[in-house]
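Report on the following structure.
Any read-out appearing in this document is the output of simple, stated calculations on the displayed coordinates, not a laboratory observation. These numbers come from a predicted model, not from an experiment. Cβ sites come from the backbone with ideal geometry, for glycine too, and all protein chains shown count toward neighbours.
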Amino acid sequence: MDTLNQTDLKILRHLRQDSRISNADLADRVGLSSSSCWRRVRALEDSGVLHRYSIVLDEEKMGLTFQAIVHVHLTRHDPELVEDFLRVVQRQEEIRDCYATTGQADYHLIVRCRDLNAYNDFLENTLFRIPAVASAQTNLVLRSIKTRETGA
């Protein structure tokens, strides 16, 4: 699928809001027949534009009320050290997102924990035990203004 048209974008917007919507309801909302809508969704899946359906959890209701953005500085960029860091990032449940960026920090992590004590435990027993990590700066999230999952 080379380009997305307005109908494709409408389909994606509605699926992003509710991935459990029935094909009939989706077709109604975007102004297509059910069979035509199904073919377009299938084409979006086959092209890789639409590659996964998922759920959004309310992490605060799950008791994960502490959220931080952690700016990580590495000591060196030796391939082995970086790979070790990335392996830990991949398996660590507290780390929701990780971004390699330009700028002062090498990586930016979005971290969710139960509370400040759990975050301190994550820092001391996980992040600071990774040989590649030189330092980390934490910005506490006071409130979410907009997230991709909720739009809030």
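Laid out as a table, the results:
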item	result
Farthest toward positive dipole pole in the range 48-152 [+1 Lys/Arg, -1 Asp/Glu at C-beta], among 140, 130, 82	140
The range 10-22 - phi-based ³J(HN,Hα) in whole Hz, Karplus 6.51/-1.76/1.60, Gly and Pro as x	5, 4, 4, 4, 5, 5, 5, 6, 7, 6, 9, 4, 6
For q = 0.16 Å⁻¹, Debye-computed log10 I/I(0) when each Cα of the range 6-47 counts as one equal scatterer	-0.31
Residues in the range 1-27 that a label on residue 34 would reach, taking backbone N under 19 Å of a point 7 Å out along Cα→Cβ	11, 15, 19-27
Kirkwood Rh and Cα Rg combined as Rg over Rh, evaluated for the chain	1.10
Chain lengthening between residue 88 and residue 7 when straightened (0.36 nm per residue, less Cα-Cα)	25.1 nm
Calculated [θ] (222 nm, deg cm²/dmol) that DSSP helices of n ≥ 4 give over the chain, each run adding -39,500 (n - 2.57)	-11500 deg cm²/dmol
Alpha-carbon centroids, the range 1-64 and the range 88-152: separation in whole Å	30
Ratio Rg/Rh, restricted to the range 66-150 and using Cα atoms, in which Rh is the Kirkwood radius	0.96
Residue 42 versus residue 101: modelled label distance in nm, points set 7 Å from Cα along the beta carbon direction	4.2
Pairwise label distance in nanometres, residue 76 with residue 137, each label 7 Å out on the Cα-Cβ vector	2.5
Loop-located trypsin sites (Lys or Arg not before Pro) in the range 1-51 whose Cβ has at most 11 other Cβ within 10 Å (DSSP)	20
